[in-house]
């Protein structure tokens, strides 16, 4: 519903834009609308970088200037056809985005922002120094496009066309699996890794795309200005692009579009009070932060929620175990033929030995409990199995492959899913989309095919959405499918994480204290869900402090203490072992 509302809003804006020359006789209004469209071509791509993947790029004015100068030089100096020059400008800026992104996207957010700012400053100095090529401080004339785009109205429609095309491309990315992955990178990189999202590759691809749109936007912008100098691309313009996205709101397409429209038109509205222009900019930003801190786009989301039919089941329901079993079977969560094993694994953090020669074998269709006092190494072992840590010595194997140095993403591809002590959900996404994201490794969505909106991508997304809905019905979350995940109760968050893990079609699922904070009835529901998972042939590793629950549902139990395994075997044998009683269970 949120995506449809955004699409309708963008469609209405496009229709309104198409009619502007007919109901306005003021040529300056047409020029201003053309400028908004030129800016939006850049900002739409930048929005995927800043608003969706959460990378703080404040140097896109450098890419804008490269696009404008490339168009001016190729089309004006060298005589290439203007539309060919636009394509070259976009390709060159995409390549510049690749060169900038390869080293800088590995930096933390603040340092990445500084790298992009430095890039913009370097581009400006280069344009000033290369007078033979760029005209230096004098600048260059920029040619217009051929007929019928050589008039103000004709160019306006060209700019509108460019804005519509880029809007459609970014909207396709935002509403499909790739957009969910970008939001996971922004809100919780650990979750993104856990479900198999290639974090760096996705960030780099998006950044390159934003470079291409900046190049195209720069070519249009340069033609609209008709003459460019290094001063045309002042650094405040880059901050302007960034603020448009912040005011519009992260995770929205309509919001940033309204942001650029309002902030571009604002100087004209307050023209009689030109000296107070910065005051009005600051006032608008302050109002948005105080009244709608999630941006203008959040207003549209709330509006969509009011239009959405209310779910008649508004209270939590018990898990539907037959439906859950059917849902797991439908996604072909085929049990692995080989165990997930850790053999004499040791993990050291400096001089501290967190695990000391621990061995564990997790089998398909079995619930394996892992207990021990705090600090015994349970979560460390779980992190070793799921790839967040690498062992200091020993071996971790699955399907004959050594996983000791394998990434979290590789283990997700091999069928290892996990939950966390504190649920790691994407709070701004719906419950349904959180679960759909779990299927990433079985989709491996391509950016280009997603952006182009190929029918097979849309069909697959519908299938995955239906499968996710069935898993949610199975674990008892049918009442909350369309609710934002950050509005769920604690127990609901626990069950949602399990559903997302099952959407990964795992051979093994590692549950880190799933009963923590649950009531007795909720723990019973959890036990039913875990047994159903076992019956589907999936191996379960249960790390838990509720020992009665562990001994009741597990087939085997391993006990750790200060990093060493002290007992392993049948639950009743472990429960009655004197050493286990002494170090953990008590009298």
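Miscellaneous remarks
- Within region 533-547, being under 16 Å from residue 504 (Cβ atoms) and outside any strand (DSSP E or B) holds for 533, 536, 537, 538.
- Boolean, residue 178 is in a helix (DSSP H, G or I) and in contact with a helix residue (DSSP H, G or I) (Cβ under 6 Å, 6 or more places away or on another chain): yes
- Yes/no for residue 137 being in the same structural domain as residue 200 (by TED's automatic domain parsing) and under 26 Å from residue 178 (Cβ atoms): no
- Selection count, region 474-484, where residues are surrounded by fewer than 21 Cβ atoms within 10 Å (Cβ to Cβ) and either assigned to a helix (DSSP H, G or I) or touching a helix residue (DSSP H, G or I) at 6+ places or on another chain (Cβ under 6 Å) (or both): 4
- Filter result for residue 221 (within 22 Å of residue 115 (Cα to Cα), assigned to a helix (DSSP H, G or I) and outside the structural domain of residue 465 (by TED's automatic domain parsing)): no
- Selection count, region 346-357, where residues are touching a residue at least 40 places away in the same chain (Cβ under 8 Å) and either surrounded by fewer than 24 Cβ atoms within 10 Å (Cβ to Cβ) or under 32 Å from the mean Cα position of the chain (by Cα) (or both): 7
- Selection count, region 548-570, where residues are surrounded by 19 or more Cβ atoms within 10 Å (Cβ to Cβ) and assigned to a helix (DSSP H, G or I): 3
- Subset of region 425-436 [surrounded by fewer than 21 Cβ atoms within 10 Å (Cβ to Cβ) and in a loop (DSSP other than H, G, I, E, B)]: 427, 428
- Any hit, region 451-461, residues being crowded, with 18+ Cβ neighbours inside 10 Å and touching a strand residue (DSSP E or B) at 6+ places or on another chain (Cβ under 8 Å): no
- Within region 217-249, the set of residues being over 14 Å from residue 69 (Cβ atoms) and crowded, with 22+ Cβ neighbours inside 10 Å comprises 238, 241, 244, 245, 247, 248, 249.
- Among (1) under 20 Å from the mean Cα position of the chain (by Cα); (2) assigned to a loop (DSSP other than H, G, I, E, B); (3) under 27 Å from residue 368 (Cα atoms), the one test that residue 444 misses: (3)
Let's see how each residue does on (1) touching a helix residue (DSSP H, G or I) at 6+ places or on another chain (Cβ under 7 Å); (2) in the same structural domain as residue 192 (by TED's automatic domain parsing); (3) within 16 Å of residue 345 (Cα to Cα):
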{"site": "371", "(1), (2), (3)": "yes, no, no"}
{"site": "374", "(1), (2), (3)": "no, no, no"}
{"site": "383", "(1), (2), (3)": "no, no, yes"}
{"site": "388", "(1), (2), (3)": "yes, no, yes"}
{"site": "395", "(1), (2), (3)": "no, no, yes"}
{"site": "405", "(1), (2), (3)": "no, no, yes"}
{"site": "413", "(1), (2), (3)": "yes, no, no"}
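- Test: residue in region 35-48 that is modelled with pLDDT under 95 and over 30 Å from residue 428 (Cα atoms): yes
- When the criteria are applied in full, residue 464 fails the requirement of being over 15 Å from the mean Cα position of the chain (by Cα), assigned by TED's automatic domain parsing to the domain that holds residue 412 and over 22 Å from residue 187 (Cβ atoms).
- Of note, residue 510 satisfies the criterion of being surrounded by 24 or more Cβ atoms within 10 Å (Cβ to Cβ), assigned to a strand (DSSP E or B), in contact with a helix residue (DSSP H, G or I) (Cβ under 9 Å, 6 or more places away or on another chain) and assigned by TED's automatic domain parsing to the domain that holds residue 398.
- Meets criteria (assigned by TED's automatic domain parsing to the domain that holds residue 74, surrounded by 21 or more Cβ atoms within 10 Å (Cβ to Cβ) and assigned to a helix (DSSP H, G or I)) for residue 196: no
- One residue from 261, 304, 327 being over 21 Å from residue 32 (Cα atoms) and modelled with pLDDT of 75 or more: 327
Condition check ((1) free of Cβ contacts under 8 Å to residues at least 40 places away in the same chain; (2) surrounded by fewer than 19 Cβ atoms within 10 Å (Cβ to Cβ); (3) in a strand (DSSP E or B); (4) out of contact with any strand residue (DSSP E or B) (no Cβ under 7 Å at 6 or more places or on another chain)) across all residues:
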{"residue": "466", "(1), (2), (3), (4)": "yes, yes, no, yes"}
{"residue": "472", "(1), (2), (3), (4)": "no, no, no, yes"}
{"residue": "486", "(1), (2), (3), (4)": "no, yes, no, yes"}
{"residue": "492", "(1), (2), (3), (4)": "no, no, no, yes"}
{"residue": "521", "(1), (2), (3), (4)": "yes, yes, no, yes"}
{"residue": "524", "(1), (2), (3), (4)": "yes, yes, no, yes"}
{"residue": "531", "(1), (2), (3), (4)": "no, yes, no, yes"}
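The values are calculated or read from the model by the stated rules, or taken from the named source; none is laboratory data. None of the values given here were measured: they were computed from a predicted structure. Because the Cβ atoms are built from the backbone with ideal geometry, glycine has one as well, and the counts that use them run over all protein chains shown.
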